[in-house]
Amino acid sequence: MLTAKQKELLLYIHERIKETGVSPSFDEMKEALDLASKSGIHRLITALEERGFLRRLPHRARALEVLKMPDSAAPAAPPKGRGAFRPSVVSESRDGAYSVPILGKIAAGAPIEALQNEIGRISAPPDLMGSGDHFALEVKGDSMIQAGILEGDVVILKRTEAADSGDIVVALIDSEEATLKRLRKRGNSIALEAANPAYETRIFGPDRVRIQGKLVAMVRRYS
């Protein structure tokens, strides 16, 4: 299964080859996917090669060959800004609870790419929601256990690009990786702090981190 960015790049390469007969340059791919650096394109192409979707032709510049397409290939809607989540509409059910879209899994540990495909829905009491758009993510990893967030929990977040120091947020790093961490503002730097001493605090320049949502509630399922 391809990630959203892998699929987006594969579709872009496929369309450009159909239109022009040659594959796009790395700069063109970086601009089309709105990534911060070409290193992100290199990683995506390597992943597509490893999965058998793409092949680099040797001794030729700008030579990529699409070997196959994903079964459900379809152009995605244009993103609303660099690396932004595109949450589904939150709807109110008959019993007054809100149905919140679950958009995938989020790492509470080593960062993983943020998913943007709805995989289910979860009900949330209206008094926890407030105004604005909301989305949910299933937690993967144990770096937030001392904040009471365990692997398998579902976190509900308000979509926002603003957060205060101390808030638990979904942060997008370098337009490619997303992680659930506590935000700390340190001068001109941004620290993403785990709630588990086994994990180090990671510090970034402000241009490398974009807040995607702020934690407002959590749901724990018991079998």
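The values are calculated or read from the model by the stated rules, or taken from the named source; none is laboratory data. What you are looking at is a predicted structure, and each value in this text was computed from that prediction instead of being measured. Note that each Cβ is placed from the backbone with ideal geometry, even for glycine, and that neighbours are counted across all protein chains shown. SASA here: full protein model, heavy atoms, side chains in, ligands and nucleic acids out. Shrake-Rupley method; radii C 1.70, N 1.55, O 1.52, S 1.80 Å.
General remarks:
- The residue pairs whose first member lies in region 38-55 and is polar (S, T, N, Q), whose second member is open to solvent by 10 Å² or more (accessible area, probe 1.4 Å) and outside any helix (DSSP H, G or I), and whose beta carbons are closer than 9 Å, counting only pairs six or more residues apart or on different chains, are Ser39/Asp174.
- Residue ID - modelled with the lowest pLDDT, chosen from residues in region 192-223 that are polar (S, T, N, Q) and more than 17 Å from the chain's Cα centre (by Cα): Ser223
- Residue count, region 135-155 (criterion: buried (at least 22 other Cβ atoms within 10 Å of the Cβ), within 15 Å of the chain's Cα centre (by Cα) and not small (Gly, Ala, Ser)): 4
- Tally, over region 161-198, of residues that are closer than 28 Å to Lys38 by Cα and crowded, with 16+ Cβ neighbours inside 10 Å: 18
- Close Cβ contacts (under 8 Å, 6 or more residues apart or on different chains) running from residues in region 139-159 that are of a type in the set (D, E, K, R) to residues that are buried (at least 22 other Cβ atoms within 10 Å of the Cβ) and in a loop (DSSP other than H, G, I, E, B) comprise Lys140/Ala108; Asp142/Ala108; Glu151/Ala108; Glu151/Gly141; Arg159/Phe85.
- Subset tally (residues that are in a helix (DSSP H, G or I), open to solvent by 50 Å² or more (accessible area, probe 1.4 Å) and basic (Lys, Arg)) for region 8-57: 4
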